[in-house]
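The values are calculated or read from the model by the stated rules, or taken from the named source; none is laboratory data. Note that this is a predicted model, so its numbers are computed, not measured. Counting neighbours? That spans all protein chains shown, and the Cβs are built from the backbone with ideal geometry, glycine included.
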Amino acid sequence: MIINNSGEIINLKLTSENVHDVAVLDSLTQELKGILLGDKGYLSKAKAEALAARGLKILTPSRRNMKNKSIQTEEEQLLCKRGLIETVNDQLKKFTAT
């Protein structure tokens, strides 16, 4: 699922549980430009370069075993907003459970 900074769903794709999120990233972000926030599962230098070629920068937190990458303060503040997607997911779960 892709949401905007207001928590509105921009794009959504349902897959079976054995499909990794990165496999559908291209189709979910086809029309997007700007900055995309993701979790550690989206860490891939090749994927980041491919998205950058399309005008989309992906920001993800670093894993513990990675060197700390240089990140701008504004980008670090953006990464703190990744929790918004979890709030949206929780609301959808509650909605579908009733």
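Table for the structure above
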{"read-out": "Filter result (more than 12 Å from the chain's Cα centre (by Cα) and among the charged types (D, E, K, R)) within region 1-40", "value": "GLU8, LYS13, GLU17, GLU31, LYS33"}
{"read-out": "Subset of region 20-38 that is in a loop (DSSP other than H, G, I, E, B) and exposed (fewer than 13 other Cβ atoms within 10 Å of the Cβ) - its residue that is modelled with the lowest pLDDT", "value": "HIS20"}
{"read-out": "Top-ranked residue of region 42-88 - restricted to ones that are in a loop (DSSP other than H, G, I, E, B) and of a type in the set (A, V, I, L, M), ranked as modelled with the lowest pLDDT", "value": "MET66"}
{"read-out": "Inter-residue pairs, beta-carbon under 8 Å, first free of Cβ contacts under 8 Å to residues at least 40 places away in the same chain and over 23 Å from GLY34 (Cα atoms) and in region 1-20, second surrounded by 10 or more Cβ atoms within 10 Å (Cβ to Cβ) and not small (Gly, Ala, Ser), 6+ apart", "value": "THR15/VAL24"}
{"read-out": "When residues of region 1-12 are limited to those that are touching a strand residue (DSSP E or B) at 6+ places or on another chain (Cβ under 9 Å) and not hydrophobic (A, V, I, L, M, F, W, C), the one surrounded by the most Cβ atoms within 10 Å (Cβ to Cβ)", "value": "ASN11"}
